[in-house]
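Worksheet: one structure, shown below.
Any read-out appearing in this document is the output of simple, stated calculations on the displayed coordinates, not a laboratory observation. Just so it is clear, the model here is predicted, and its values are computed rather than measured. Virtual Cβ from ideal backbone geometry, glycine too; neighbours counted across all protein chains shown.
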Amino acid sequence: MLPRTALAFATALSALLTLGALRAQAPANVWAGVYTPEQAARGKAVYDKRDCITCHAEDGSPGDDGIPPIKGPYFMSRWDGNTVGDITTFITANMPRTKPGTLSPQEVADVTAYLLKLNELPAGATALPADAAAVKAIRFTEVAPAR
Ligand code: HEC
């Protein structure tokens, strides 16, 4: 290979590698499988035990008296453009309505995984972290992003 060709080749290769790295760093999206089925099952237990079920019904469908549905088109568009961290922050501060602030970070992560499942978002191989900064990096979009 002539030196020039080699240089051009190296440049193209490094550009490709940079692109690859950028892709890898793109923030996770809720459509990429950000919780596990086991975690959603634990979250369902939290949902039942910690009273969510009383106000939000068994399946998160619209409740009475100004209780919003926590599944379906309303929920998906309500959080569109936010992050999973915004949902966990809201739950941590406000839910259960009767005793806000009583859920542990792990319970919040698990119950949020259950809400993602209720909204038919795909499960994956990694559990939703209980760490506030980590969930802020996961974008919530109503529609799956183009790949
Ligand atoms: C006493 C009734 C009550 C209980 C118990 C309750 N909620 Fe709520 N929830 C509400 C009401 C009312 C709202 C509307 C927002 C508000 O008033 O804070 C709400 C809002 C929400 C929202 C935001 C809905 C949206 O997208 O606008 C989520 C998520 C949620 N609740 C999850 C939970 C979870 C998880 C639990 C159990 C840990 C729980 N709730 C327990 C009454 C309740």
| Taking P129, is it farther than 22 Å from S61 by Cα and under 10 Å from the mean Cα position of the chain (by Cα)? | yes
| field | Residue, nearest to the ligand (Cβ to nearest atom), within region 84-104, restricted to residues that are of a type in the set (A, V, I, L, M, F, W, C) and not in a helix (DSSP H, G or I) | value | M95
| note | The condition of being in a loop (DSSP other than H, G, I, E, B), loosely packed, with under 15 Cβ neighbours inside 10 Å and among the aliphatic types (A, V, I, L, M) holds, among A130, A144, only for A144
| task | Look through G81, G66, G72 and report the one residue that is at positive phi and near the ligand (Cβ under 10 Å from one of its atoms). | result | G66
| Checking V46 against (1) closer than 22 Å to A125 by Cα; (2) more than 10 Å from the ligand (Cβ to nearest atom), which test does it fail? | (2)
| field | Residue list for region 64-83, restricted to those being small (G, A, S) and either more than 16 Å from A144 (Cβ to Cβ) or outside any loop (DSSP other than H, G, I, E, B) (or both) | value | G66, G72, S77
| Filter result for the condition that a residue is of a type in the set (A, V, I, L, M) and in contact with a strand residue (DSSP E or B) (Cβ under 7 Å, 6 or more places away or on another chain), over I91, I138, I67 | I138
